[in-house]
Amino acid sequence: ERVKMTFRLKLQGRFIFTTIIVLGIFVVINTFALMLIYEYQGSEMVGRVTSNSSRILFTQLKKRADSLAAYLAPALFNSLYSFNPQGAYELLQPVLELDEVIAVTVVDAQGNIFHDGQETIKDFGLPYKGEERMDEVVKKGSSYIRMTEDLMIVAQPIQVKGDLIGALFISFTLRELSADVDSMTTLINRINLESRKKAILVTVISTGLI
């Protein structure tokens, strides 16, 4: 009888040990699978949110830039028409104080520099060579927005009732935009990491209880 009891205890011990091993393997596999799933879902979410954020911020900057140029260009008409650099300077100064604006140039109908927003106009009267598409604005009266890696350049004709006398060019930096997107991406990554940790922990505990 004692032998049977000992055998039964050994058998139960082996069964418990085997169960623990199997459960441990199951928990490890399940945890690893969850990590892969959360990693994929997290990366997908971060990519989607970052893309949406970039598009929204870019659209907002584009609207601000377009609105500013559309308002400023007609306001500069009198200063350019009456050859009043001081008047133009007073209009351009508040624009150059904006963090996102790095350059402003006003040209006449011949494409020569009338003002650059500085008190002393270094290149006054010289041909403006900053825009290859300048003729579209000063000759055709078209407006456009051109993108480079670091800049958004807005071109707006200076005209009133079809009287085209020059053009306005405003350069906006995209560095602030990139910094905003990077900050948002970092925050989303942190939130995603913490969420993944908690979800995996809860799942492991639940699996262990089962």
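Select from the stretch 65-118 those GluC sites (Glu not before Pro) which occupy a DSSP coil region and have at most 16 other Cβ atoms within 10 Å, ordered by residue number.
On the way: sites: Glu90, Glu97, Glu100; in loops: Glu97, Glu100.
Qualifying residues, ordered by number: Glu97.
Each Cα pair of the stretch 60-158 feeds into the Kirkwood radius, which the Stokes-Einstein equation turns, at 20 °C and 1.002 mPa s, into a diffusion coefficient of 156 µm²/s.
Checking every one of the chymotrypsin sites (Phe, Trp or Tyr not before Pro) in the stretch 71-137 against DSSP loop status and a limit of 10 other Cβ atoms within 10 Å picks out Phe83. In order along the stretch 79-91, the phi-based Karplus estimate (6.51 cos²θ - 1.76 cosθ + 1.60, θ = phi - 60°) of 3J(HN,Hα) comes to 5, 6, 5, 8, 6, 10, x, 5, x, 5, 4, 5, 6 Hz; Gly and Pro are listed as x. Mean sequence separation of contacting Cα pairs (under 8 Å, at least six apart), scaled by the length of the stretch 85-186, corresponds to a relative contact order of 26 percent.
Each value in this text was obtained by applying a stated rule to the coordinates, not by laboratory testing. A quick note: this is a predicted structure, and the numbers were derived from the prediction, not measured. Ideal geometry is used to build each Cβ from the backbone, glycine not excepted, and the neighbour counts take in all protein chains shown.
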